[in-house]
Each structure stands twice: as structure tokens, then as C-alpha cells.
């Protein structure tokens, strides 16, 4: 049914918008996902979403164990409507549920850390799907998240300051990983079914009062 619904809703947007959907889908990936644990500053939350969209990374997994994740639309510039945001706010089970879901989908769990034997971001293995996690501002990843990591990752720094701001670290990491991904012999592109699902998601997020159109479509089946 999704295919027919996409075809129907496509009649309510411009050809230019449909063409743009296809241009973006060609470069979208689910081979890399971003994980965020208890981020509480809206500016950082928004900037990470914007970077995900810009670097073609579709999925963001958000653990809201102690802090609710909020974003500033003036910073995100609407990028959240083009992404798939997976939110885990099940109390103490949020972390376990997030990691379990990712591992069940074949992801390797990588956590950014300054104090572990870490891969340099330029050398992180990309053969398998990778979920790269960033911890909360100031304190970084919790011990519970680190205990579930398959590997640790760091960004080399040459100055006195020990760490990057999280939004900067995320952007640098996504640039390094997405650039490498497109150069290596890895099947990183979306499947046809994923593309169709995203076409539908994006159409729904584009068309005003789309629920009325869908209701009309279903009534004619």
C-alpha cells in the first residue's frame, strides 16, 4: 500500500521537490547511525541533527534517561523532519532498550571516549554497520553505556583543551566516517524499501493537512 500512497501523495508536491527527494535518497545511509545519551542543551541537540542531515546519516538514537532531548528550530533548520529519530525514554531501561535494538539490527556499538584504548576516528572499522554514541555535555558517556560498547573512538587533538564541544565532535566524526564510507567497497546505500518508507515520511512532513488526504485515499480503496 505504501507504494500506491506515495504515488498518490506525490501529486500534491512540485516536481522540483520530488526530484530533490531522489537526489537526497541516493546519498542517504543507514550503515552509520548516531547515538546520543542524555544530551540536555538544545543548541547541541539541534546542531547534531543538522549535521546528520547534511552528511546523509538517516538515523539518530536518543537515550533520554536523565535529560529530555529538545532542539531549537532556529538551529536545526527543520532537519529533524528529514531524519528518523528513535527516542528511548523508558526510565532505567532506556539504555538497554536502545543498545539491544541496535545490536538486533546488526550494529556495532562505538562510544566516544578520551580515556580508553580508542580507535582514531579515521581508522574505525566500517565493514559492519556502526552506531556511534556521544555522551552528555561535560561528563561524556556514562559507565553503563561504556560497559556496552564494542569499541571506543576518539578524535585526535593537538592543543591544551581536552575535548571538543559535542556538536563539533559529532560533525567532525560524521564528516570523517561518511567520507570514508563513500570511498570504500561497502554497500552503504539504502534498500529500495527504505527509500520508499522515507519518501512517504518526507511527503507526510511536507504536505499540509496530509492526514485528510490519506483518509481520502484509504476511503477509495
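The values are calculated or read from the model by the stated rules, or taken from the named source; none is laboratory data. Note that the coordinates shown come from a computational prediction; the quantities given were computed from them, not determined experimentally. Don't worry about glycine lacking a Cβ; one is built from the backbone with ideal geometry, like all the others, and counts go over all protein chains shown.
Here are some notes:
- Of the criteria (1) without any contact (Cβ under 8 Å) to a residue 60 or more places away in the chain; (2) not assigned by TED's automatic domain parsing to the domain that holds residue 85, which one residue 172 fails: (2)
- When residue 151 is tested against the conditions (1) surrounded by 14 or more Cβ atoms within 10 Å (Cβ to Cβ); (2) free of Cβ contacts under 8 Å to residues at least 40 places away in the same chain, the lone failure is (2).
- Those residues of the stretch 1-39 which are in a loop (DSSP other than H, G, I, E, B), at pLDDT 95 or above and within 28 Å of residue 64 (Cβ to Cβ), in sequence order: 28, 30, 31
- Output for the stretch 135-150, where each listed residue is part of a strand (DSSP E or B) and at pLDDT 95 or above: none
- Test for residue 192: is it more than 19 Å from residue 17 (Cβ to Cβ) and surrounded by fewer than 14 Cβ atoms within 10 Å (Cβ to Cβ): yes
- Restricting the first member to the stretch 90-105 and to residues that are closer than 18 Å to residue 132 by Cβ and in the same structural domain as residue 149 (by TED's automatic domain parsing), and the second to residues that are in a helix (DSSP H, G or I) and modelled with pLDDT under 95, the beta-carbon pairs closer than 8 Å and six or more apart or on different chains are 95/144; 95/145; 99/145.
- Picking from residues in the stretch 101-136 that are under 15 Å from the mean Cα position of the chain (by Cα) and surrounded by fewer than 17 Cβ atoms within 10 Å (Cβ to Cβ), the one that is farthest from residue 37 (Cα to Cα) is 105.
- Of the residues making up the stretch 203-217, those that are out of contact with any helix residue (DSSP H, G or I) (no Cβ under 6 Å at 6 or more places or on another chain), closer than 30 Å to residue 30 by Cα and in a helix (DSSP H, G or I) are 206, 211, 213, 214.
- For the stretch 100-126, the set of residues classified as in contact with a helix residue (DSSP H, G or I) (Cβ under 8 Å, 6 or more places away or on another chain) and more than 20 Å from residue 163 (Cβ to Cβ) consists of 109, 126, listed by residue number.
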